[in-house]
Amino acid sequence: MPWTVCDAMSQRREFVMLAQVEGANMSELCRRFGISRKSGYKWLGRYLAEGEAGLADQPRRPRSSPGQTPAAVEAQVVGLRDTHPAWGGRKLRRRLLDLGHDSVPAASTITAILCRRGCLADSESAKRRAFVRFEHAAPNELWQMDFKGHFALEQGRCHALTVLDDHSRYALGLAACANERTETVRERLTALFRRYGLPWRMLMDNGSPWGDDGTHAYTPLTVWLLRLGVAVSHGRPYHPQTQGKDERFHRTLAAEVLRGERFRDLAHCQRRFDAWRNVYNLERPHEALGMAVPASRFTPSPRSYPEQLAPIEYAPGLAVRKVQDKGRMDFVGRRFRLPKAFKGYPVALRPTPVDGAFDVLFCNHVVARIDLRDPDRGPASSH
């Protein structure tokens, strides 16, 4: 939908950052943000000419601050730290440089300023550790998704749904949800897919609504993702490091937003989430990205969300079966069981190099394997 007054600045900032990334498709980006190409080029032009001041309707901010002197540097550091109390010296230095400040001190000097002003305990830097993690080579190859537990509000509880791009650490979604039901997650993901396009794969844990008691069984939500052409992966049970980037994002969210805060209701919480997500994507330097911001490495996916799904079709020569109640599927006179989430859908059986073994395909995804040599007519082995 078109931008509203309350979130115009944040959406304009996100738009111009994404529009500047190499390979950005301006026409498609404007469509997903609900604005005309003329408006998109207007805001991009103003930003390139005037910086963030050019994104405001009026009045314009001054382009310089002639009253600032070198003596104000320490006040700038402390002021930025007050705004972002969880940031250390390296992040603060990078942000001051991005904001165009002159005479920005070294990160070690900033850390010393914080210690001297009582903003940082001497032992805090010792808690920092450098981590080396695998990352995918390009945006949208993998999105990580999870709920960050739930916490009390003055009215009800909030279940924070987070969606993160693996390559760029870009926070695609941070939603204050009333529950963790399939319908709620699907509604939130649909909005993200319309804005940012479809990823190639999504990684999630084994909990509801995308898992089934740690068995990796398919659920209505993951079957819907497969229908969209999004592959599904699950982390190892009791190994949260599989989703290390999203877990790290949760710790940052807790430190910079949730700690010490009290929210009235979901709407209040969502407003706070939206404001912080904007800071996280566009302002907060990320050490794993060489102190760049996530928006500098993210581009929306070229795979647009299909408002209407095409019929499921399989290659000629494959045996096609419709999944019945409780996941029943009959093939060559034998009965096999698939996850119940496939009920009513057609699946195809493709021979494997192993005699008597067949892959079960759903929309070109291998979801199970059956072996006709096995006398047990139990469930097919899932993939």
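Quick rundown of the values:
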| quantity | calculated |
| --- | --- |
| Hits in the stretch 72-107 - residues which are closer than 23 Å to Ala53 by Cα, among the aliphatic types (A, V, I, L, M) and modelled with pLDDT of 80 or more | Leu80, Leu92, Leu96, Leu97, Leu99, Val104 |
| First in the stretch 8-37 and among the basic types (Lys, Arg), second anywhere and modelled with pLDDT under 90, Cβ under 6 Å, 6 or more apart | Arg12/Trp43; Arg12/Leu55 |
| Filter result (out of contact with any Leu (no Cβ under 8 Å at 6 or more places or on another chain) and not in a loop (DSSP other than H, G, I, E, B)) within the stretch 152-183 | Ala152, Arg157, His159, Glu183 |
| Residue check for Glu187: assigned by TED's automatic domain parsing to the domain that holds Thr222, among the acidic types (Asp, Glu) and in contact with a strand residue (DSSP E or B) (Cβ under 6 Å, 6 or more places away or on another chain) | no |
| Residues of the stretch 94-115 classified as without any contact (Cβ under 8 Å) to a residue 40 or more places away in the chain, assigned to a helix (DSSP H, G or I) and under 26 Å from Tyr47 (Cα atoms), total | 2 |
| Any hit, the stretch 349-362, residues being closer than 30 Å to Lys245 by Cα, more than 21 Å from the chain's Cα centre (by Cα) and either in contact (Cβ under 8 Å) with a residue 24 or more places away in the chain or surrounded by 18 or more Cβ atoms within 10 Å (Cβ to Cβ) (or both) | yes |
| Selection within the stretch 346-367 - part of a strand (DSSP E or B) and closer than 17 Å to Ser233 by Cβ | Phe362, His365, Val366, Val367 |
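The values are calculated or read from the model by the stated rules, or taken from the named source; none is laboratory data. Computed from a predicted structure; not experimentally measured. Virtual Cβ from ideal backbone geometry, glycine too; neighbours counted across all protein chains shown.
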